[in-house]
1. Working out 0.36 nm times the residue gap between Tyr80 and Val394, then minus their Cα-Cα distance, what length gain in nm do you get to one decimal?
2. Please work out the Cα center distance from the range 425-465 to the range 113-148, rounded to the nearest Å.
3. By counting other Cβ atoms within 10 Å of each Cβ, how are Arg160, Arg241 ranked from fewest to most?
4. How far apart, in nanometres, would the label points at Lys202 and Ser365 be if each is projected 7 angstrom from Cα along the Cα-to-Cβ direction?
5. What does the helix-only formula give at 222 nm for the chain: each DSSP H stretch with n ≥ 4 adding -39500 (n - 2.57), the total divided by the residues, and the result rounded to the nearest 500 deg cm²/dmol?
6. Between Phe67 and Leu44, how many nm apart are label points set 7 Å from Cα along the C-beta direction?
7. Quick one: Asp170, Asp406, fewest Cβ neighbours within 10 Å first, how do they rank?
8. Choose one of Thr238, Ala228, Ala207: the residue whose Cα lies farthest towards the positive end of the charge dipole of the range 206-250 (beta-carbon charges +1 Lys, Arg; -1 Asp, Glu; about the Cα centre).
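Where a number appears in this text, it was derived from the coordinates with a stated rule and is not lab data. Remember, predicted model here, so these are calculated numbers, not experimental data. Glycine also receives a Cβ, built like all others from the backbone with ideal geometry; neighbour counts cover every protein chain displayed.
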Amino acid sequence: MNKKRIVTSFLVLALFGGFAIGQEKKEVSLTLEDSIVQALKNNLNVAVEVLNPELASASVSLARQYFMPTFQVDLTGNRYEQLSTGPFQAADKYINKSTGSTASIAQQIPFGGTLQASLSYDYSKSNQLFQSYNPSYQSRLNFVLTQPLLRNFGWAVSRREIIVALNSLDISRNQFKTVLINLVYSVEAAYWNLVYSVENLKTLQQALQSGRDLLAKTKKEVEVGQKAPIEVLDAEATVARREADILQAEAMVKRSQDQLKTLLNQGGDPSAKGQSLRPADTPGFKPFTITLDEAFEKAMARRPDIEVAKSTIETKRINFRFAKNQLLPQLDLQLVKMSPGLSGQQYIYDPDNPFLPPTPGAPGSAGEAFSNAFKFLYNNWTAGLTLTIPFGDVVGRASYTYAKLDLEQTQARLKNQEQQIYLEVSDAVLTLETAAKSVDAYRIARELAEKRLEAEMKKLAVGMSTNYFVLTYQDLLAIARSSELRALVDYNVAVANIAKVTGSTLETRNITF
């Protein structure tokens, strides 16, 4: 029988031991740095926003495609037959065979024009009479420059899409930086709030245990007639109230953990279900001071939302310049330089009697025709201007007015944003200064509360006090400890908020992307 009891006891201990180990596995110790790393890695909002810079980068590539050179090849072939209709055609039917090809390359140039170079080749063979070359090889080397001189002229106008795309890329990167800054600050605030919730629960548990110890002591003293029964009621009432406070504190811990878990995106991780986060860091007090002028200057230099506003203004300014340029008349310059080359089987006719059979000359080739074209043996060029003036141009003027007002509105928004940032920075600096002073004040208050409780306990031991006063001072000590802890947490959150409002959170945490 005893052997069975030993075996049963061993099984029960093993079962509860395994359960306890499982419980320990579900409690995860987490530092603040670990929390920030997990949030940056797993947060859903970051996963969404991280794609925006990549999308903007693709838009930049699309805009730059406009200035990429284009290569084009055209190939043609032709055979033409018809009944002879003239004295210089063959007696039966007229036949002409020809092939042609053109290779060209075009390039947009920075000031809005287009430069094109092309090389063409044509082959022709016919049974028509009185031809100087049959078959013939013809080539042409062409250079064409088309340049707007008024509308669409200028580096900024021609590269407008690229500049706008680059500004959009800067905007998306700074917006993503804002998301990271806000996330890191939210994690810091949530972490320290969880620290407060956990430590506050411990403080209340200590107060509850002190109340229970006093209640047990009082009951014994009542049993031996040293105290009146009313003393037991005071202690029991206080213990019941403190137990209720424990329930509220436990709920606060649960809510704080849920908030931090949401930022860390642990909801979708099956292994994280049922986990209890245990903060490994404690709030310390590292003196940190910054003046309002220093903080505002840093904010204006580092805040990503300011950079977003500046990039937006630059985009609006480019759009305004483009709209203003579109009000000008269209005046285009075109310059053409052409060099021909000709070769083939040459026939020389007698100038005095062209009806005599021709004398065949030296046979030519396609290579000779190309060679002649590249030698620029013949000087051929064309220059021209085309002027186009629209009547009314209602659309152009409306676009100009819209772009002008849009730019002015964006500039006004930046001034308003700067004012709001000044208020935000001012409030953050004031909060930091107040929190720093509060830490010292609540520390002194906690030390005095400990001394008052210690003195009251001594008075109770010699019968010069009652449970009511001791319990009251216990409550005051618990409040003082919680207040000191709250002040330390608020101070650390205030330091994190200074980094957030000045745009230096990522630099402070050595986070790069």
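1. Values: separation 314, 0.36 × 314 = 113.04 nm, distance 5.19 nm.
Length gained, Tyr80 through Val394: 107.8 nm.
2. Here the two parts' Cα centres lie 98 Å apart.
3. Values: Arg160 18, Arg241 14.
Least to most surrounded, the residues fall as Arg241, Arg160.
4. 9.6 nm
5. Working: 13 runs with 308 residues, N = 513.
The per-residue figure over the chain is -21000 deg cm²/dmol.
6. 4.2 nm
7. Details: Asp170 19, Asp406 16.
Least crowded to most crowded, the residues run Asp406, Asp170.
8. The one lying farthest along the dipole's positive direction is Ala228.
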